[in-house]
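Notes for the one structure printed next.
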Amino acid sequence: MTGAILLGLALGWAMLTVLSVRFTDQPQRWAAAPALFMALGGFLLMAFGSPAQEVLAWVWPPVLLVLVVWMVVRAPRQLRSRSGRVLLYPVIAMLALASLGSGYETVRAAVDAGEYPAQGQLIDVGGHRLYLNCTGSGSPTVVLEPGAGLMSSDLAFIAPVVARDTRVCVYDRAGRGWSDPAPTAQDGAQTATDLHTLLQRGNEPGPYVLAGHSFGGLYALTFAARYPGDVAGLVLVDSTAPASGTEPDSTQPTRADSADSADSADTINRLSALGAAAASLGLGRIIGVETPSHLEGTIDEYLHAGSSAQQAAALRNFTDKPLAVLTAGSGSQPGWAASQDALASLSTNSLHRVIDGATHASLISDQDDAMATARGILDVVSAVRTASPLIP
């Protein structure tokens, strides 16, 4: 996507060169330089992909800045029209900002990688690697699933507390934290599949207690529906509710449905890629997103929200396995409490605990509220170990 954008910009500069020479008395031959520069960058990206992007991330910003300075010097000499300068100078200014922003993004990403080295391991799950970090000992193993746009480090208040009593694993979904971006769409079903593969290849045997916060609850429900034998208990931390109604059947879609689905997936992929391209210019950090792949993964996650909610609805009965629903005591929208009650009804061995004063975010970000979340997880661990009912 970035390569295509650069080729489009190159075409624009080339047209300025050719058309101004042919049809005006103010030929702008200098515009051939940015045309060649951007065409070369676009071609390298489209021909070689990620390896070229890693190199260009360091080379492109300083070279572009030098080119911008050269353009500022040359353009006034050949462009006598005041209206032409009014049109051209904002474009040059945008290129200067792109150079500075992308340079900052590249340097900052390198600094962050040095300051926060990975503590776990990267495991290939089929086309990309996911980060997994497991600590503590004992069974069952707890697997923590962060909410939308979050990563393993956002669970830093919870994981160490749980690790004192049992084995606990945190991981980063594709594109987040230390994990690689994924070549395929990451809806709930794919997320559950990748997590299952990650745990198997990471030699972390089940059955597991899955604890999902917010959107992570959808992924935990989908995992439990797809791999029921590998799940001993669930903890849904102010979880997003699955879709209501019946799950779509598994019959083959019609040709028209397949075409619509393909078009929709293509649109989603393009929107995600555009978001990543914008983040490469440093725009992601303005909204608190660390890397381009993180922004792309987060956009992709929200764009697939409907599918993920439908897939989570496949878990209609968790039988008598321990299930804890932890709900924030403040800041909830109307109807949220009812959806949490509905989640608790999935099992005959469940509890629904409201954490007074906690908000949706503070259940993992505030140390005291995170302790309450950890206690709920350990209650399920204890119930699994002793095969006993949960105590509200």
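In the full protein context, region 3-95 carries 61 Å² of accessible surface per residue, based on a 1.4 Å probe and ignoring ligands, DNA and RNA.
Please say if region 30-80 is rounded, prolate or oblate, where rounded means a/c under 1.5 for a ≥ b ≥ c the square roots of the C-alpha gyration tensor eigenvalues, and otherwise the choice is prolate for a/b larger than b/c and oblate otherwise? It is oblate, given that a/c is not under 1.5 and a/b is not larger than b/c. Working from Cα pairs under 8 Å separated by at least six residues, relative contact order for region 140-193 is 34 percent. Starting from the Cα gyration tensor of region 295-385, take the square roots of the eigenvalues, sort them a ≥ b ≥ c, and report rounded, prolate or oblate (rounded when a/c is under 1.5, otherwise prolate if a/b is larger than b/c, else oblate). Since a/c reaches 1.5 but b/c is at least a/b, the shape of region 295-385 is classed as oblate.
Is the shape of region 120-164 best called rounded, prolate or oblate, per the rule: a/c under 1.5 gives rounded, else a/b larger than b/c gives prolate, else oblate, with a ≥ b ≥ c the square roots of the Cα gyration tensor eigenvalues? Oblate, because a/c is 1.5 or more while a/b does not exceed b/c. Largest accessible area first, the residues Y302, Y171 order themselves as Y302, Y171 under a 1.4 Å probe with ligands, DNA and RNA left out.
For V237, the shell of other residues with beta-carbons less than 14 Å away shows a net charge of -4, using +1 for Lys and Arg and -1 for Asp and Glu. Accessible surface of T191, taken over heavy atoms with a 1.4 Å probe and every protein chain present, rounds to 10 Å². Remark: region 127-240 carries 30 Å² of accessible area per residue (probe radius 1.4 Å; ligands, DNA and RNA excluded). Determine the share of region 175-231's accessible area contributed by carbon and sulfur atoms, expressed in whole percent, with a 1.4 angstrom probe. Carbon and sulfur atoms account for 49 percent of the accessible area of region 175-231. Counting Lys and Arg as +1 and Asp and Glu as -1 over every other residue whose Cβ lies under 11 Å from the Cβ of S382, the net charge comes to 0. Between region 34-87 and region 307-378, the alpha-carbon centres lie 51 Å apart. For region 67-108, the average shadow cast by the Cα convex hull is 2.8 nm², which is a quarter of the hull's surface.
The values are calculated or read from the model by the stated rules, or taken from the named source; none is laboratory data. Computed from a predicted structure; not experimentally measured. Note that we place each Cβ from the backbone using ideal geometry, even for glycine, and neighbour counts take in every protein chain shown. Please note that ligands, DNA and RNA were not included when accessible areas were found on the heavy atoms of the full protein model with its side chains. Shrake-Rupley method; radii C 1.70, N 1.55, O 1.52, S 1.80 Å.
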